[in-house]
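Notes follow the structure.
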Amino acid sequence: MKKFRISIAAILCMGILLFPCKADRVSAAELPNTQIAETETFEIDTRPDYTIYVNRALNCITIMEEEEDGTLTPVKAMVCSCGKEGHGTPEGTFQTSDYYEWRRMVDNTYGRYAVRFNKKILFHSVPYVETSPDTLEWEEYNKLGESASLGCVRLSVEDAKWIYDNCKKGTTVVVYSDSEEAGELGKPTAIKISEDSPCRDWDPTDVDTDNPWLEEENEIIPFTGTIDNFNYAAYANRYADLKEAFGYDKNALYEHYITYGIKEKRIADSY
């Protein structure tokens, strides 16, 4: 029979492997923090759920708000400029993603309050020469309501900022063509800038305190239509105090404009 000789040193080594000392034992509490799952917190965006309908045939937009029961209520209409011939704004259903206060465009102009919704296609203001609100391309502004862009959807500063401020990331955008019906709230009339105007390098809807359009000597041409073509939704959306007081009551808003709005130099649009 073969005899096996095991040294004392070998026995000690086996004991260490089989029965580690207390110092070698690691409790769950002593594991590195990276091995312990942490609960992440997310901030919930509580702004209303909107859907933006872009009618590229008539160059106008209808904003619809989703109610709790799933129905859609029209809340705002906008006039815009979609892509001109050869650069048509693609039809389809998309979602907003990236938001920029200023964004350089492919033609080296700049758009304000830009919101991406389809690859290189964005909502944004009428172009500016520089990232300064007094460098508006006023000739392009006067094209609002007709196809004029390189594919993006151009808006007045007021309307571009409304989307930028109110439509959260992931808002649905539907681009379609309907040459007969503008939308539930119709198509607003765009403000036109005179070539001789000393304010022509500014967007008339910009609320910047330096905007010369806001000075008293620059008279606002009052709305001269009737209640039938009075854009009551745009009037309410433009003035928070009126929306709070009257909601979207067409008769009340029209009466306010006729009685007080004209004297207060408030802006009203037609469909």
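Would you please list the contacts, defined by Cβ atoms under 7 Å and residues six or more apart or on different chains, that run from a residue in the stretch 80-101 that is farther than 26 Å from residue 205 by Cα to a residue that is modelled with pLDDT under 95 and exposed (fewer than 14 other Cβ atoms within 10 Å of the Cβ)?
Within 7 Å, no pair qualifies.
Name the residues in the stretch 55-108 that are open to solvent by less than 10 Å² (accessible area, probe 1.4 Å) and among the aromatic types (Phe, Trp, Tyr), would you?
none
Between residues in the stretch 156-175 that are under 18 Å from residue 236 (Cα atoms) and residues that are in a helix (DSSP H, G or I), which pairs lie under 8 Å by C-beta distance while being six or more apart or on different chains?
156/141; 158/238; 162/237
Kindly provide the set of residues from the stretch 160-195 that are within 14 Å of the chain's Cα centre (by Cα), part of a loop (DSSP other than H, G, I, E, B) and β-branched (Val, Ile, Thr), ordered by number.
Hit for the stretch 160-195 is 171, nothing else.
Going through 123, 94 one at a time, which residue ends up being within 28 Å of residue 135 (Cα to Cα) and either of a type in the set (D, E, K, R) or modelled with pLDDT of 95 or more (or both)?
It is 123.
Anything in the stretch 130-177 that is open to solvent by 50 Å² or more (accessible area, probe 1.4 Å), touching a strand residue (DSSP E or B) at 6+ places or on another chain (Cβ under 6 Å) and either more than 23 Å from residue 119 (Cα to Cα) or modelled with pLDDT under 95 (or both)? List them, or say none.
143
Condition first: surrounded by fewer than 23 Cβ atoms within 10 Å (Cβ to Cβ) and polar (S, T, N, Q). Now tell me which residues in the stretch 112-129 satisfy that.
Within the stretch 112-129, 118 is the sole residue that qualifies.
If you scan the stretch 122-151, which residues turn out to be under 19 Å from residue 87 (Cα atoms), assigned to a loop (DSSP other than H, G, I, E, B) and among the charged types (D, E, K, R)?
143, 146
The values are calculated or read from the model by the stated rules, or taken from the named source; none is laboratory data. Nothing here was measured: the structure is a model prediction, and the numbers come from that model. Here the Cβ is made from the backbone with ideal geometry for all residues, glycine too, and neighbour counts use every protein chain on show. Side chains are part of the model used for accessible areas, which takes the heavy atoms of the whole protein and leaves out ligands, DNA and RNA. Shrake-Rupley method; radii C 1.70, N 1.55, O 1.52, S 1.80 Å.
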